[in-house]
Each structure stands twice: as C-alpha cells, then as structure tokens.
Amino acid sequence: MTNVSHYLTAAITIVALLLAGCDQPVAQKKQKKDRPHLVETALVERDDIGIAQTRTGTLKARLEVEIYNQEEGRITELPFYEGDRVNKGDLVVKLEGDLLRAELDRATAKRRQAELDLKRLKELFAKKLTSDEALGRGETELAVVRADEAILKTRYGYTQIKSPLDGLVSVRNSEPGNIAERYTHLLTISDHSTLITEVNVSGLLMSGLSVGQAASVRIDALGDSDYPGRISRIHPNLDPASRQGVVEVELDPVPEGARPGQLCRISFERSIGTRLAVPLRALRRDSDGEYVFIVDDENLARRVSVISGRRFAEQVVIADGLEPGQKVVVRGFLDLRNGKKVKPAGGV
C-alpha cells in the first residue's frame with residue numbers, strides 16, 4: 001500500500017510539472033504580445049525651407065596678365081623667376097634695342113632740323129620773302145618728322161617691358177639670350193591677393209542669388225574647413241541646353257595656403273519660404289497612395305493619407321493631410337499597422 005501511495009504522489013508531481021511547463025510559454029507569449037511597439041517620431045511643424053547646392057570649381061587669380069613682346073629682338077634681361085614677387089613698374093623684360101635707339105636719335109635730329117627750317121621760313125614769310133606754299137611745305141615736313149619720332153619712341157619703349165601690377169610671376173617661358181619673335185608669351189604675372197572661382201548653377205537656384213551674398217567655400221587641399229566667400233558676379237545668360245548659369249565667387253579673405261588651380265567646392269543656400277514639412281523617411285507609399293503614421297494622444301499608430309510636395313535635402317513638403325504639432329513615425333515601421341499600440345523612443 002505504501003508503494004502505491006508513493007507511485008501516486010510521484011505521478012501527480014510529474015503531471016503538475018508538465019502543466020507548469022506548458023503554461024510558461026503561453027504566459028511569455030502573452031507578455032510579448034502586450035509589449036508596446038517601439039517607434040521614433042518627429043514633430044510636424046512649419047519650417048523655413050531652403051534649397052542647397054554644392055558645386056565644384058577651380059580657384060584662379062582674378063587679375064592675371066600675360067606679358068608679350070611687341071618688338072622682335074634678343075632678350076638681354078629677364079630678372080624674375082616663377083614665384084618671385086614683382087611690384088608695379090618693375091622692369092621684367094628687356095630686349096636689345098640699339099638699332100631702334102639709333103633710328104630714334106636720327107628721327108630726333110630730323111625733327112630739330114625741321115623746327116629750325118620752319119622758324120626761318122616764318123621769318124622770311126613775315127618779310128614777304130617766301131610764299132605761302134613754301135611755308136606750308138615746311139609745316140608739313142615738321143609734322144611728318146615729329147610723327148616718325150613718336151613712332152620710334154614708342155617702338156623703343158616696347159624693348160623695356162614693365163610690370164603692370166603687383167603680383168607673383170607664375171609663368172616664365174624664355175631665357176636671356178633667346179631671340180623673341182614678335183608677340184611671344186614671355187611671362188605671366190598673377191595677383192594672388194584675390195582668388196575667385198566660376199561655377200555652373202541651376203537656374204532654379206540662381207533666381208534667388210544676388211551679388212554680395214555669402215557662400216561657403218571648401219578647398220580640398222586645405223582639409224575639411226569651410227572658408228567665407230561672397231558672390232562677386234552673376235552672368236546674365238543661362239545655357240539653353242543645361243539651363244545653368246555661371247556664378248563667380250570670391251574668397252573673402254583669401255586663406256593661407258590657397259593657390260590658383262586648387263579644387264574647391266562652393267555651397268549655396270536659398271530660402272523659398274515657410275512650409276509644412278516632415279523628414280523624408282516618414283513618407284510611405286503603397287497601392288493606395290502616399291501616407292504617414294502619426295501617433296495620437298493614446299499612443300496608437302494611425303495611418304494618414306497625405307499629398308507630398310517638393311523634396312529638399314532630407315525633408316519633404318506636405319501639401320495636405322497633416323497639421324502642425326502632430327507626431328509622425330520616422331523609424332520602427334516593421335510590423336507597424338493602423339491602431340497598434342506604440343511607445344515613442346527618442347525623437348519627440
């Protein structure tokens with residue numbers, strides 16, 4: 001009898017354990033079912049929406065002068081090299097000018113002789129000892145030799161080329177002793193105190209830009225820093241194929257290390273006014289159209305149909321369907337459905 005009681009007690013204990021084991025997953029499943037769905041939300045509000053564009057360009061000196069010779073001759077002096085600083089008025093190129101100097105001296109002597117001859121003719125004419133025709137020829141002769149002298153003086157001046165600006169020599173294409181044919185590019189002088197870049201900008205953005213407006217400039221060679229710039233010129237015409245126009249941006253001031261030829265990135269921003277907008281990731285689509293999930297006061301997810309407008313960076317304008325102050329779901333869409341209990345985590 002004792003053994004029967006012992007076996008009966010053991011059997012009851014095993015059954016109880018089995019029943020307890022069966023109830024535990026049910027309880028866990030029920031607990032998991034009641035757990036709120038975690039979502040991240042964002043506030044619907046009216047915001048100042050702007051268009052932003054970044055364009056790449058190349059820095060260049062605003063003022064850069066190429067020096068060409070206007071007279072042919074042997075180069076006798078070329079004192080400056082690439083990187084040398086020159087001042088306005090410095091002699092940068094000298095050509096052999098002995099022949100022109102001699103011709104100029106001869107023209108000067110002829111001019112002086114013509115002046116003396118005309119003076120004597122005037123004295124004779126006053127005494128009525130010469131004719132009007134002779135006096136006229138004397139005046140004409142003086143005018144001709146003066147013109148010849150002026151031409152030779154100008155040509156001789158071309159043998160000594162002076163810098164037209166303060167700047168740096170950026171190109172040197174010849175050496176003393178070389179024969180420079182007429183109109184040979186000998187030097188280039190650049191003013192690095194003002195650096196600009198020209199970039200192509202869409203007509204949509206150009207309509208909101210103006211001369212003097214600020215722009216952000218990033219120079220790849222100088223790292224990730226942004227430098228201040230301003231729009232110095234806007235070209236009036238757009239390219240009919242690309243619908244883009246040229247905008248000139250000036251670095252103001254020029255940062256240390258900036259040089260012509262460096263790649264730069266120009267960022268423009270233009271405000272288009274206040275619009276009702278939400279993060280772009282909140283907008284969903286299916287066969288019924290565009291929609292978002294909002295979270296109501298009872299923390300229930302509600303599907304709301306919307307009509308979206310233009311997109312700006314990470315935002316999208318909502319033309320209809322939402323009101324300021326509502327909360328839209330931006331993350332946590334997996335298994336989310338209309339009427340489901342949610343719990344906002346992060347965001348607003």
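The values are calculated or read from the model by the stated rules, or taken from the named source; none is laboratory data. Because the structure is a prediction, the values reported are computed rather than measured. Neighbour counts are summed over all protein chains in view; Cβ atoms, including those assigned to glycine, are modelled from backbone coordinates with ideal geometry.
Structure data summary
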| quantity | calculated |
| --- | --- |
| Residue in segment 97-107 that is charged (D, E, K, R) and touching a helix residue (DSSP H, G or I) at 6+ places or on another chain (Cβ under 8 Å) present | yes |
| Some residue of segment 159-173 being in contact with a helix residue (DSSP H, G or I) (Cβ under 9 Å, 6 or more places away or on another chain) and over 21 Å from residue 57 (Cα atoms) | yes |
| Residue check, residue 290 surrounded by fewer than 17 Cβ atoms within 10 Å (Cβ to Cβ) and without any contact (Cβ under 8 Å) to a residue 12 or more places away in the chain | no |
| Test for residue 342: is it touching a residue at least 12 places away in the same chain (Cβ under 8 Å), over 24 Å from residue 205 (Cβ atoms) and in a strand (DSSP E or B) | yes |
| Flag for residue 175 being at pLDDT 95 or above, acidic (Asp, Glu) and more than 18 Å from residue 70 (Cα to Cα) | no |
| Meets criteria (surrounded by fewer than 17 Cβ atoms within 10 Å (Cβ to Cβ) and part of a strand (DSSP E or B)) for residue 108 | no |
| Options 97, 57, 89: the member that is over 30 Å from residue 134 (Cβ atoms) and either of a type in the set (A, V, I, L, M, F, W, C) or touching a Gly at 6+ places or on another chain (Cβ under 9 Å) (or both) | 97 |
| Complete set of residues in segment 233-242 that are in a strand (DSSP E or B) and either charged (D, E, K, R) or touching a residue at least 60 places away in the same chain (Cβ under 8 Å) (or both) | 233 |
| Yes/no for residue 90 being surrounded by 14 or more Cβ atoms within 10 Å (Cβ to Cβ), farther than 27 Å from residue 174 by Cα and either touching a helix residue (DSSP H, G or I) at 6+ places or on another chain (Cβ under 7 Å) or modelled with pLDDT of 95 or more (or both) | no |
| Residue within segment 271-281 that is buried (at least 17 other Cβ atoms within 10 Å of the Cβ) and of a type in the set (Lys, Arg) present | yes |
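Residues are listed down the side, and each one gets a yes or a no for (1) touching a helix residue (DSSP H, G or I) at 6+ places or on another chain (Cβ under 8 Å); (2) in the same structural domain as residue 58 (by TED's automatic domain parsing); (3) more than 30 Å from residue 303 (Cβ to Cβ):
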position: 227; (1), (2), (3): no, yes, yes
position: 231; (1), (2), (3): no, yes, yes
position: 236; (1), (2), (3): no, yes, yes
position: 239; (1), (2), (3): no, yes, yes
position: 254; (1), (2), (3): no, yes, yes
position: 258; (1), (2), (3): yes, yes, yes
position: 265; (1), (2), (3): yes, yes, yes
position: 285; (1), (2), (3): no, no, no
